[in-house]
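Report on the structure given below.
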Amino acid sequence: MNRRTALLALSLAGCGGNWSNNDIAYATAVPRRFLLQVPTIYERGADAGGGMILGQPSAARAAAATAALRYNALLTYLLSPLDVAVNPPTSRTTTSRIWGPFDDANNPGSQFWVDVSSDLADANAPLTWTLKTRGTSGTTWTAGSGTFQPSASAAFGTGSMDFALASVRPLDAGTYSEVQSLRLSYELAPDSHSALSMVESDPGGDSGWSPSGYGLFVRADNAIRWRFSAPYGDVASAQFEVGMLPTGAGVAVLSDPASATRIAVACWNQDGTVSYHAEGSDAGSGAVCPLIPSATN
């Protein structure tokens, strides 16, 4: 049993109750935030600031840690209601499992529930889920929805999620303050890696979908490659391509999306101090730190 299978088994079994094999198949269609977030070890040093001189705390590493903290906070906010699926379903039909309704502790008088359904006519069709809420007025609306296409093992496969972010505005989510909707796609693979990408709709939703600047690949050993946007120097929204090890060492290749030019390459040691920094289009690549997973492959 690999790490992901073990984690799923523990999360589903931890609260006890009566589970059938079909219950588990439906439950694994619900996204698990602990499988999709940046490992929390990479949040160390968030908002710490830093510099670019050898031996100084690395500004690029602090930016990466801050982005990890905010990204994880966003996924926690979106996916926490789905944690109810670690318990056996509340009700069952031939083609669905329902968790709830439950009282919403954050919105007195409101309730929410999670509904996962399958296509009885097509055994190979993806499972679909919806997160629904009902306010004090009695109006029901869909807060989130998604699909999951299992592979040979129900614990693995590919999924997608859609969320309306109007209610996320109070969260300190950086660039998400003006986003109307968020779409996430992810993969859980048998070799214990996970990958996630994100796109967002422009304000008003009339310009279609565009890359949000976030993408994450987590290896079995918890080394990561990921992509995010953050301020850097005079660039309001620099594109970071980062490779990091669980030891704390890492590399970032920074570019300016507006001009499609490289800004800098920065590397840091296990203690977060600068080991290499060069600026400009001739700054080199992530290969200057060969012990770090490539940030550009």
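The values are calculated or read from the model by the stated rules, or taken from the named source; none is laboratory data. The model shown is predicted, which means the values in this text are computed figures rather than measured ones. Note that each Cβ is placed from the backbone with ideal geometry, even for glycine, and that neighbours are counted across all protein chains shown. For the accessible areas, the whole protein counts, side chains as well, though only heavy atoms, and no ligand, DNA or RNA atoms are used. Shrake-Rupley method; radii C 1.70, N 1.55, O 1.52, S 1.80 Å.
So the values come out like this:
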quantity: Computed E for residue 281/residue 52 - FRET, C-beta separation, R0 22 angstrom, nearest 0.05; calculated: 0.85
quantity: Protein-only accessible surface order, largest first, of 183, 61, 32 at 1.4 Å; calculated: 183, 61, 32
quantity: Solvent-accessible area of residue 130 with every protein chain in place, 1.4 Å probe, in Å² to the nearest 10; calculated: 40
quantity: Residue order for 235, 38 - accessible surface, 1.4 angstrom probe, largest first; calculated: 235, 38
quantity: Probe 1.4 Å - accessible area at residue 196, Å² to nearest ten; calculated: 10
quantity: Accessible surface of residue 98 - all protein chains present, 1.4 Å probe, nearest 10 Å²; calculated: 40
